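*Asks:* The structure under discussion is supplied below as structure tokens; questions concerning it will follow.
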Amino acid sequence: MDDPWAFGLGDLITVIGIVTAAALALWVPFTLYFANALRDPEDRRRLRERYEARLDPGRWARMRAALDRLLGHIDRWFGYLAVDGSRSAFARPWARCLSLAFLYPILFFLVGYLLAAQGRVGGVELADPDAGIPARLGLLVWVVVVAAFFFTAFRRDWFEKAGAAVARPVRKALPGSGGLGGLIGGAVEWLAFAVAVAVAVAGAGAGAGAGAGAGAGAFAFAGAFAFAGAFAGAFAVAGAVALLLLSLGELNPVSLTWVMFFVVFPFANSLLDWGSLTVTRRMMRWWVAVDGAAAATFARYGVGVLVDLVIAVVCVCALSALFSAGVAGLNAVVAWRVEGADPQVVDWMAQMRDFRDHPFGAGLMVTLMLFSTLLPTLVHLGAGTAALVRLPHLGRDAVLRALADGPPEAGERLRLGAVRTVQWLVPAVVWGVAGLMFLRFFVPLSWLHALGLPVPGDTGDVLLLWLPYKSAELVWTALGG
């Protein structure tokens, strides 16, 4: 397969060789520079003060407090910690992840539609792929407007106030606030609330339809439903189940796609997002919990990030498998209820092939949904990278002890200069190569094949695309999709 993302093992060796050669070229001058600096008493004094500041417990305590505040904001926003002090390991955080996951399919489809003109999902056409950029951009803008409206409406209780206003005359006409009168008044208020939401959702669809045709109207209707669900959790779950039941009455590719958008994708995405976020929190707290600055080393941070990254990749693969299982299940329902129906009403593996071959083109929607699970890990990486400037390098305390013993001899100066060179150059080499790999987001399998590792897959495949694809393919095949 001709994959524009892959390059060979020789390219990796070349990159590492260039970075390492540059580091080695700087090794001697850096060592001599640092060693010579140790001859001056004033330079030794400044260096000792700088090292003592780095190892100052108060300095690490301030950094630790900042990270604690970040984790506290995450805990409160996702519901791990409630305002009343109660904690929740699953229910509230998962509900928050579910409310966000209701937005992913609509938004990510529209982003892919705008940037790559991909109007199909699993072979089912949802939007005109031949539409021009103004029409595609207009649909995305309209859904954003819908988002702003529903966000404001639910934050300011517009729908609740409308329901209360309709129910107020009924409550006044009925004697007492309890018993049958209270029950009728509550039912009227709830019904008025539901009607207000339904009218707003229908209006969003009608507005898009008037501007860009019936297809756009249907999609904006779905977008409005998604935003309504995102900001009213109970409504979202009830609406998703209702949509599933109603769709079973008229089974067709489009209705099944909406079930995918509002049942399969959000529930699968939310579970794995919760798992990834929970691991990230635990790994960050394991690192931040260190009291002494000397113990809060790059190694401890690196172990936490590595564990976090491995679990995040596992979550991405599991999410891909859940997507595949959900769509295969919907196809099985169609085959069960509709005699002679196509066993692959929605060809999910066609979508996954687009993801594998064109992750930032036709497969952009799947790329964004899958890799949203990596966002907590990226926050971990960012927070840790920001903290590295305050972490003690390896051997820093040894240099400090040597400086405290008085003027070092020539040989000792060279040794300390070499240690300081390692402290500067090794992280630069590691982060230089790691940064390159991070920007590419994957490891080409051609590298693993060139090393003789028995890894299946085409030479042009890339690891972080191939793994989710194979996870989906294995489940799809096992379920007869």
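Read-outs: derived from the displayed coordinates by stated rules, not from any lab. Predicted, not measured: the structure shown is a model, and the values here were computed from it. For neighbour counting, all protein chains shown are included, and Cβ atoms are generated from backbone atoms with ideal geometry for every residue, glycine included.
*Asks:* Please give me the summed charge of the neighbours of Ala167: other residues whose Cβ is under 13 Å from its Cβ, Lys and Arg +1, Asp and Glu -1.
*Replies:* +2
*Asks:* Set the Förster radius R0 to 22 Å, insert the Cβ-Cβ distance between Trp27 and Glu409 as r into 1/(1 + (r/R0)^6), and round the FRET efficiency to 0.05.
*Replies:* 0.55
*Asks:* Based on the Cβ-Cβ distance from Val145 to Ala194, what FRET efficiency comes out when R0 is 25 Å, to the nearest 0.05?
*Replies:* 0.65
*Asks:* What are the principal axis extents of the Cα atoms in the stretch 56-177, in Å, biggest first?
*Replies:* 65, 61, 24
*Asks:* Once the Cα atoms of the stretch 60-112 are picked out, what are the Rg and Dmax in Å?
*Replies:* In Å, with Rg to one decimal and Dmax whole: 15.0, 45.
*Asks:* At Trp77 and Arg92, where each label point lies 7 Å from the Cα along Cα→Cβ, what is the point-to-point distance in nanometres?
*Replies:* Those two pseudo-labels are separated by 1.6 nm.
*Asks:* Another question about this same structure. Rank-order 309-322, 72-85, 155-168, 269-282 by packing density, defined as the average count of other C-beta atoms within 10 Å over each peptide's residues, highest first.
*Replies:* The densest-packed peptide leads the list: 269-282, 309-322, 155-168, 72-85.
*Asks:* For a Förster distance of 30 Å, can you work out the FRET efficiency between the beta-carbons of Leu479 and Asp130, rounded to the nearest 0.05?
*Replies:* 0.30
*Asks:* Distance in nm between label sites at Val254 and Asn36, each 7 Å beyond Cα in the beta-carbon direction?
*Replies:* 7.7 nm
*Asks:* Counting only residues 5 or more places away or on other chains, whose amide H sits under 5 Å from the amide H of Arg120 once H atoms are built in the peptide plane?
*Replies:* Leu126
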